[in-house]
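First comes the structure, then the notes that go with it.
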Amino acid sequence: MFFIRMIQKTYSSPPRVLTTGFLLLILIGTALLSLPAASASGERIKLLDALFTATSATCVTGLTILDTGTVYSRFGQIVLLVLFQLGGIGFMTAATWFALAFGRKISLKDRLVLKESLNQHEMSGIVQLVIRIFLFSAAIEGLGAIMLTLAWMDRMSFGEAVYNGIFHAVSIFNNAGFELLGGWSQFVDDPAINLVSMTLIFFGSIGFIVMADLIRWPEKRKVSLHTKVVLWATAVLTVGGAVLFFIFEYTNPRTFGPLGLDGKLWASAFQSFSLRSAGLNTVPIADLRQATQLMMVILMFIGAAPGSTGGGIKITTFVVLLAGIVTIIRGREDAVVFRHRIAARELYRAITVTLMGVIVIVAATMILTTVEDGPFLVLLFEAVSAFGTVGFSLGATVELTDPGKGVIIALMFMGRLGLLTLAFAFRSKPKKESFRYPEGRIIIG
């Protein structure tokens, strides 16, 4: 916890602590990946490329400009594994694990930062939640590693199968999108790999808060409104995405065409699950029809659940926005979700997050279309993929210029930290106003 203490002494605001901590983690990762030992050839990797990769790993995105399985040595791959493990669960959560393991007490400042990093409304039970996160992560990643190891034992040596099982289980659960086997398309109709991968993606994308709620369900026989919204929205978006994939790509000779019916179904389901922020694909993304790619842009922008390893504006934000639209159309005063009234503050927050996301994506795409030579949809796709920390690419990432890499790095960082967290980190201390302005009327619509 030494580095955390130093950051907290410098920056007392929890959002600033989180922002500084992630920046520090990225810089440490960049330094390690720049070492000759991190390269399979023994040559130093270009500093900007190391920074890009470290950011992608820490922000659990998966966009790469160098092939992870061939360019990086075993040391470099382990550095990446540590980065996306810490980036996925959050560096504050990991620091708390170590503090608890060594018998250290968790201070009030630590609890405040934990509350912010886990998107909690109160500090009560925050340390117990961190302990459960550790147990859930270890159990799910461990089971995933065992299942993948068993599936690959007939393809490689036992040692390689174990290593690849651990690396890919951690990568998939944390929605990092890094892989070492030259692409997931070789498993397009493999039931075992598809099932294990989709299960890991699902648990990584719903968030630790929801997982804790589900674990306590046999005891309490009820779940929170947040859990209901996350599970229903995840189900609707995933099933809807799979159906659209199946319809749009069924006759595409470059993607689903050569596959049998089983392969088409597996591919549709896997791509839709992966859109929650995993970034692995079993069909070539660049060969998908434009209608499919546009649908992917929308789902990547929505992203995963709060408190998860995924990015985007978050599915709960999307649900609250829909509830607000329904409220206006029906002429009601309150937005309602599952017979619960949504506070006006939460609706304002959802609108703010969405509009900020749109502004950032539009600005980034405009810059990319200026500095890069590529079609608009391709560059928009890369921008949204980076912001949503998804990791899908239409091929533009490997051809980015240095300014383009800088734009994508910034998008990955903003997508992982969250726009509101960054805004709160850099704002001045709000002043308490002693008066209110008179109400004004503006014609809308």
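The values are calculated or read from the model by the stated rules, or taken from the named source; none is laboratory data. Since the model is a prediction, treat every value here as computed from it, not as a measurement. Reconstructed Cβ throughout: ideal geometry from the backbone, glycine too, with neighbour counts over all protein chains shown. To get the accessible areas, we keep the full protein, side chains included, count just its heavy atoms, and leave off ligands, DNA and RNA. Shrake-Rupley method; radii C 1.70, N 1.55, O 1.52, S 1.80 Å.
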Task: Subset of the stretch 282-300 that is open to solvent by 10 Å² or more (accessible area, probe 1.4 Å) and touching a Leu at 6+ places or on another chain (Cβ under 9 Å) - its residue that is farthest from Gly357 (Cα to Cα) - done: Ala286
TODO: Output the number of residues of the stretch 188-198 satisfying the condition of being more than 16 Å from the chain's Cα centre (by Cα), in a helix (DSSP H, G or I) and either at positive phi or surrounded by 17 or more Cβ atoms within 10 Å (Cβ to Cβ) (or both).
DONE: 3
Open item on the list: Looking only at the stretch 251-266, how many residues end up being in contact (Cβ under 8 Å) with a residue 12 or more places away in the chain and either among the small types (Gly, Ala, Ser) or open to solvent by 100 Å² or more (accessible area, probe 1.4 Å) (or both)?
Closed with: 4
- [ ] Check Ile315 against each of (1) closer than 19 Å to Ile302 by Cβ; (2) β-branched (Val, Ile, Thr); (3) free of Cβ contacts under 8 Å to residues at least 12 places away in the same chain; (4) open to solvent by less than 60 Å² (accessible area, probe 1.4 Å) and name the one condition it does not meet.
- [x] (3)
Task: Complete set of residues in the stretch 171-187 that are in a helix (DSSP H, G or I), open to solvent by less than 10 Å² (accessible area, probe 1.4 Å) and either farther than 21 Å from Phe301 by Cα or not aromatic (Phe, Trp, Tyr) (or both) - done: Ser171, Ile172, Trp184, Phe187
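Every residue, every condition in (1) within 27 Å of Ser205 (Cα to Cα); (2) aromatic (Phe, Trp, Tyr); (3) at pLDDT 70 or above, yes or no:
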| residue | (1), (2), (3) |
| --- | --- |
| Ser39 | no, no, yes |
| Ser56 | yes, no, yes |
| Gly87 | yes, no, yes |
| Ala95 | yes, no, no |
Task: Residues of the stretch 7-36 classified as at pLDDT below 75, out of contact with any helix residue (DSSP H, G or I) (no Cβ under 7 Å at 6 or more places or on another chain) and either open to solvent by less than 10 Å² (accessible area, probe 1.4 Å) or in a helix (DSSP H, G or I) (or both), total - done: 2
- [ ] For Phe256, work out the one condition from (1) in contact with an Asp or Glu (Cβ under 9 Å, 6 or more places away or on another chain); (2) among the hydrophobic types (A, V, I, L, M, F, W, C); (3) under 30 Å from Thr55 (Cα atoms); (4) part of a loop (DSSP other than H, G, I, E, B) it doesn't fulfil.
- [x] (3)
Task: Near pairs, Cβ below 6 angstrom, 6+ apart or cross-chain, from the stretch 50-75 (under 19 Å from Val384 (Cβ atoms)) to any residue that is of a type in the set (Phe, Trp, Tyr) and not in a helix (DSSP H, G or I) - done: Gly62/Phe178
Task: Residues being assigned to a helix (DSSP H, G or I), open to solvent by 10 Å² or more (accessible area, probe 1.4 Å) and of a type outside the set (A, V, I, L, M, F, W, C) - total across the stretch 199-216 - done: 2
TODO: Evaluate the stretch 295-309: report whether one residue or more is of a type in the set (S, T, N, Q) and in a loop (DSSP other than H, G, I, E, B).
DONE: yes
- [ ] Only residues that are closer than 13 Å to Leu420 by Cβ and of a type in the set (Lys, Arg): list them for the stretch 331-353, please.
- [x] Arg345, Arg349
- [ ] List every residue pair whose Cβ atoms lie under 6 Å apart, where the two residues are 6 or more positions apart in sequence or sit on different chains, the first residue falls within the stretch 217-239 and is within 24 Å of Ser272 (Cα to Cα), and the second residue, located anywhere, is outside any helix (DSSP H, G or I) and open to solvent by 50 Å² or more (accessible area, probe 1.4 Å).
- [x] Lys228/Phe338
Task: Matching entry among Ile247, Ile285 (being over 27 Å from Thr316 (Cβ atoms) and either out of contact with any strand residue (DSSP E or B) (no Cβ under 9 Å at 6 or more places or on another chain) or in contact (Cβ under 8 Å) with a residue 60 or more places away in the chain (or both)) - done: Ile247
